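**Q** This is the structure I have questions about; it appears just below.
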Amino acid sequence: MVESLYRKYYSKLYQYGCLVHNDSVKVEDTIQNFFVWTLEHSEKLKDIKNFEAFACKAIRKNLIHRIIKDNRSKKNKDNYLVTLVNEKSITSVEKEIMQAEESSCLKMNLKNAIEKLPDKQKEIIYLKYYANFSYKEIEDIMNVSNQVARNYVSRALKKLKNSIFSEKIRSFIVSAFLV
């Protein structure tokens with residue numbers, strides 16, 4: 001049972017752990033220690049309703065303790081995962097090329113916008129939109145109130161929208177001068 005949980009969740013836990021701590025070796029160690037604990041305490045897993053949320057919370061807690069222990073190391077600002085909505089299928093080759101260029105530009109703008117977010121907002125965007133956790137689960141993982149979790153998401157989305165919108169305006173102005 002623990003082996004199947006390991007296979008199913010390791011990748012997601014690793015990605016999430018890298019948002020919390022900048023040392024990938026320590027993230028891997030923490031995940032390994034967590035799964036050793038689950039092997040030793042497998043009877044406790046029966047009471048857990050959402051293993052993924054439980055694992056994220058435990059790994060986050062352990063990584064934060066490591067950060068404190070390691071003299072409050074700076075969180076990794078470069079690790080994050082950007083997910084975008086699937087592109088619609090387009091019949092015209094020219095439209096596909098144009099859309100691919102636009103999508104690439106949008107991804108780059110989104111990547112740059114996410115880099116500018118504060119660490120807590122990056123983390124909550126990951127939990128909400130990549131890991132698809134509910135606000136209740138995020139509240140539990142990050143040990144914040146439901147309203148604080150909602151506020152983080154709201155502020156992060158507002159910053160992302162403003163940043164991407166300003167990038168589109170800059171691109172439009174530059175392209176207008178090139179034509």
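**Q** Exposure proxy check: LYS120, LYS161 ranked by fewest other beta carbons within 10 Å?
**A** On the way: LYS120 15, LYS161 11.
So the residues, fewest neighbours to most, are LYS161, LYS120.
**Q** Convex hull volume of the Cα atoms in the stretch 2-69, per residue, in Å³?
**A** Values: hull volume 5.4 nm³, N = 68.
Spelled out: Cα convex hull of the stretch 2-69, divided by residues, is 80 Å³.
**Q** Something else now. Fewest to most neighbouring Cβ within 10 Å: what's the order for GLU40, GLU28?
**A** Details: GLU40 10, GLU28 15.
Ascending number of Cβ neighbours within 10 Å: GLU40, GLU28.
**Q** I would also like to ask the following. Of the listed pairs LYS12/LYS159; LYS8/LYS57; LYS26/LYS136; LYS61/LYS159; LYS136/LYS161, which have alpha-carbon separations greater than 23 Å here?
**A** Details: LYS12/LYS159 25 Å; LYS8/LYS57 17 Å; LYS26/LYS136 28 Å; LYS61/LYS159 27 Å; LYS136/LYS161 25 Å.
Beyond 23 Å between Cα atoms: LYS12/LYS159; LYS26/LYS136; LYS61/LYS159; LYS136/LYS161.
**Q** In addition: Ranked by Cβ crowding within 10 angstrom, fewest neighbours first, how are VAL25, VAL144 ordered?
**A** Working: VAL25 8, VAL144 17.
The most exposed by this proxy come first: VAL25, VAL144.
Just so you know, all these numbers are worked out from the coordinates, no wet-lab data involved. Just so it is clear, the structure is predicted and the values come from calculations on it, not from any experiment. Note: ideal-geometry Cβ built from the backbone for every residue, glycine included; neighbour counts use all protein chains shown.
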